[in-house]
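Asks: Before I ask anything, let me first share the structure, which is written out below as structure tokens.
The values are calculated or read from the model by the stated rules, or taken from the named source; none is laboratory data. Everything quoted here is computed from the prediction, not taken from an experiment. Backbone-built Cβ (ideal geometry, glycine too); neighbour counts: all protein chains shown.
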């Protein structure tokens, strides 16, 4: 395994790079940085701030959610352990992407599993349970209704509405048949076909299908899969729902982080009320207008007394949005750490004051492992072409220019010439200001013309050199495209099936063996 620091990849935001570097300007936005030593204080704080009542409710809900599934001994044992005050969770969450969606679905869960193993070694008197939180209450169907296998898109086309976890899977047979026709032959292809069929054609809704799928892949590792769209779990959240409805408090608390985060990009903007109203085919925002609570795009409306009463009697009708969903998770689980991608951690960093208001322990935030997978053949080609892994992370234009320059028989330093021109014009500017300021415009125009002319020559030079080494450059670009589809990270495009077809169970076992969630580097793994 080869490792590249995240800041050298060019694919991570300034916010994530500063967070990983523990830049002190971000100190107030999180509780503790995720180091092995810091988990001791996190355990103590969460233990003092979590109810045994909640533990019992969570275990009962999980037992019901798993009722019609084959549960491994490891997963069942972890569920039972959640009753005990010395047991804590590490959580990752993900959308219900069709057939798991992009590769990073695996990396999130494996990061979570492996962190629990590390914590058990460091703190043997405690138990640590890996949890996958299914985003069953999301409604962004267009974000989850496809996956890419061998760079071919397989898509579930249907007009739907409401929480995605409740969507019926009965229309997925055409997608299955199409995938089966393209998956080829062999033991691994048969496994993938059966996995898709058993998950989506033998379960009634997307939540159950996703639970089956994740359980088949990671049940032996003790992964616990939880669905927050659950009446009993929502009952634990009643007082927090009421707080939001009565006082519209989350927006005020989130905006306290903006003075710091405005230097970056604000990931999500809070609403006046950060709750949805949900039913089977309905998920719409709740707004407060004309002194009543209304459900957008419906005729539903409630007085304050009516909606607070509805929270008591039917809490399952209220769904937290992206701002309150993390709070809901931490209310119902004895959680120590949330593992997510850069975008997720960016919005978590907005939320610490929301947790303070609600008196809920803010979890540690850990960036999930990222991986570039390459075959032995691709690695051999890389070595033959004298390419470093770092070079392959460059954007295509920069990559081509760099390699063209290195392969050129003759070199010319255009940057040096550009700087020389700028220095000359800088002197001319100073002279013009003292003699005839009316010529400044002409000087500026001439500088731009000269620089543009030099840039044109530079492009023609590289084009000419590129023609000389066309075959080699094309081989390099072909390798780069194979590893970085559409100039994007592989993990954000390719589905796990692309690699499982060739490598089978070795794919997951190699990832489990190599990924260290507390080692914050981009991993390159040759299979």
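Asks: Picking from 382, 285, which residue would you name as being outside the structural domain of residue 229 (by TED's automatic domain parsing) and touching a strand residue (DSSP E or B) at 6+ places or on another chain (Cβ under 8 Å)?
Replies: 382
Asks: Quick test for you: out of 82, 62, pick the one residue that is closer than 21 Å to residue 111 by Cβ and buried (at least 19 other Cβ atoms within 10 Å of the Cβ).
Replies: 82
Asks: Go through the stretch 261-282 and count every residue that is touching a strand residue (DSSP E or B) at 6+ places or on another chain (Cβ under 8 Å) and either over 18 Å from residue 317 (Cα atoms) or outside the structural domain of residue 314 (by TED's automatic domain parsing) (or both).
Replies: 2
Asks: Separate question: Take the residues in the stretch 462-476 that are assigned to a helix (DSSP H, G or I) and at pLDDT 70 or above, then tell me which one is surrounded by the fewest Cβ atoms within 10 Å (Cβ to Cβ).
Replies: 471
Asks: Also: Only one of (1) within 30 Å of residue 157 (Cβ to Cβ); (2) under 26 Å from the mean Cα position of the chain (by Cα); (3) surrounded by fewer than 19 Cβ atoms within 10 Å (Cβ to Cβ) fails for residue 230. Which number is that?
Replies: (3)
Asks: Taking the conditions exactly as written (in contact with a helix residue (DSSP H, G or I) (Cβ under 7 Å, 6 or more places away or on another chain) and in a loop (DSSP other than H, G, I, E, B)), does residue 102 satisfy them or not?
Replies: So residue 102 passes the test.
Asks: Oh, and also: Scan the stretch 159-178 residue by residue and report those that are closer than 20 Å to residue 497 by Cα and assigned to a helix (DSSP H, G or I).
Replies: 173, 174, 175, 176, 177, 178
Asks: Would the stretch 308-316 turn up any residue that is surrounded by 19 or more Cβ atoms within 10 Å (Cβ to Cβ) and in contact (Cβ under 8 Å) with a residue 60 or more places away in the chain?
Replies: There is at least one residue in the stretch 308-316 that is surrounded by 19 or more Cβ atoms within 10 Å (Cβ to Cβ) and in contact (Cβ under 8 Å) with a residue 60 or more places away in the chain.
Asks: Still on this structure, please answer the following. Exactly one condition in (1) surrounded by fewer than 21 Cβ atoms within 10 Å (Cβ to Cβ); (2) out of contact with any helix residue (DSSP H, G or I) (no Cβ under 8 Å at 6 or more places or on another chain) is false for residue 276; which is it?
Replies: The one condition residue 276 does not meet is (1).
Asks: Among the residues of the stretch 144-158 satisfying the criterion of being surrounded by fewer than 19 Cβ atoms within 10 Å (Cβ to Cβ) and in contact with a helix residue (DSSP H, G or I) (Cβ under 9 Å, 6 or more places away or on another chain), which is modelled with the lowest pLDDT?
Replies: Here the answer is 158.
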